[in-house]
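Trainee: Take this structure first; my questions come after.
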Amino acid sequence: MLRSPIKHCRNCGTVVAYRLPDDGDTRERAVCTSCATIHYENPLNVVGTVPYLGDRVLLCKRNIEPRWGKWTLPAGFMELGETTAEGAARETVEEAGAQFQLEGLLSVLSVPRVSQVHLFYLARLTSDRFEPGIETIEARLFTEAEVPWDEIAFRTVRETLMRYFDDRRRGSIGVHTLDID
Ligand code: ZN
């Protein structure tokens, strides 16, 4: 989802104008017409995991828009004050109620169209029992052959899953850096 433009100053509430700041900046920013505060807008991080148990991965059926009813990996926007790994673990607990050991980074995906960066960590499941949160209709394990590839909610999730299964077949898990158009 593209973010809508800033309308009001976060400092004083006055309407902002998009213009080049006076400091030599080369991009138009939301500048307050009253107190001159410059509001910088930067990409957001989405953090999540590829939870696995043996040859199966955990997917969550979305109970929220967008892509209601489609399958996804546990993931969501980072919160202020947490690390990427903490955020990925938190989302995995919130969305799947999974028990796991967080492992290394698997993928970093830039999605410039929506100004997001998605990061997925591996998570070794220590139980096959899940307690899905309110954002999840169902959480279950899939082998590669069982993955509903046409029902995956997001391209970043599909690309990450494909690379995970490729790596597994090769017997070596790497870190994948991808740009999604
Ligand atoms: Zn202001």
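Trainee: Kindly establish whether Thr84 is surrounded by 15 or more Cβ atoms within 10 Å (Cβ to Cβ), of a type in the set (Val, Ile, Thr) and in contact with a Pro (Cβ under 6 Å, 6 or more places away or on another chain).
Mentor: Numbers: surrounded by 15 or more Cβ atoms within 10 Å (Cβ to Cβ): yes; of a type in the set (Val, Ile, Thr): yes; in contact with a Pro (Cβ under 6 Å, 6 or more places away or on another chain): no.
Criteria not met by Thr84.
Trainee: Scan the range 116-134 for residues that are farther than 21 Å from Asp179 by Cβ and of a type outside the set (S, T, N, Q) and jot them down.
Mentor: Taking the range 116-134 first, the residues farther than 21 Å from Asp179 by Cβ are 122-134.
The answer is Leu122, Ala123, Arg124, Leu125, Asp128, Arg129, Phe130, Glu131, Pro132, Gly133, Ile134.
Trainee: Of everything in the range 1-50, what is under 30 Å from Pro132 (Cα atoms) and either among the aliphatic types (A, V, I, L, M) or in contact with a helix residue (DSSP H, G or I) (Cβ under 6 Å, 6 or more places away or on another chain) (or both)? Give them in sequence order. Quick ask: steps written out before the conclusion?
Mentor: In the first step, residues of the range 1-50 are kept if they are under 30 Å from Pro132 (Cα atoms); the result is 1-3, 43-50.
Passing the criteria: Met1, Leu2, Leu44, Val46, Val47, Gly48, Thr49, Val50.
Conditions (1) touching a residue at least 40 places away in the same chain (Cβ under 8 Å); (2) within 23 Å of Ile152 (Cα to Cα); (3) in contact with a Lys or Arg (Cβ under 8 Å, 6 or more places away or on another chain), marked per residue:
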residue	(1), (2), (3)
Arg67	yes, yes, no
Leu73	yes, yes, no
Met78	no, yes, no
Thr83	no, no, no
Ala96	yes, yes, no
Gln101	no, no, yes
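Trainee: Do the conditions hold for Leu59, that is, is it exposed (fewer than 15 other Cβ atoms within 10 Å of the Cβ) and in contact with a helix residue (DSSP H, G or I) (Cβ under 9 Å, 6 or more places away or on another chain)?
Mentor: Values: exposed (fewer than 15 other Cβ atoms within 10 Å of the Cβ): no; in contact with a helix residue (DSSP H, G or I) (Cβ under 9 Å, 6 or more places away or on another chain): yes.
In short, no.
Trainee: Does Ala139 qualify as being surrounded by 15 or more Cβ atoms within 10 Å (Cβ to Cβ), out of contact with any Pro (no Cβ under 6 Å at 6 or more places or on another chain), closer than 22 Å to Leu53 by Cα and in contact (Cβ under 8 Å) with a residue 60 or more places away in the chain? Before you say what the answer is, go through the steps one by one.
Mentor: Working: surrounded by 15 or more Cβ atoms within 10 Å (Cβ to Cβ): yes; out of contact with any Pro (no Cβ under 6 Å at 6 or more places or on another chain): no; closer than 22 Å to Leu53 by Cα: yes; in contact (Cβ under 8 Å) with a residue 60 or more places away in the chain: yes.
When the stated conditions are applied, Ala139 does not pass them.
Trainee: Sort out which residues of the range 1-27 are of a type outside the set (Lys, Arg), away from the ligand (no atom under 16 Å from the Cβ) and within 30 Å of Ile64 (Cβ to Cβ), and write them in order of number.
Mentor: Met1, Leu2, Ser4
The numbers here are math on the coordinates, done by the rules we state, and not lab data. Predicted model only: the values in this text are computed from it and were never measured. Here Cβ is always computed from backbone atoms with ideal geometry, including for glycine, and neighbour counts include all displayed protein chains.
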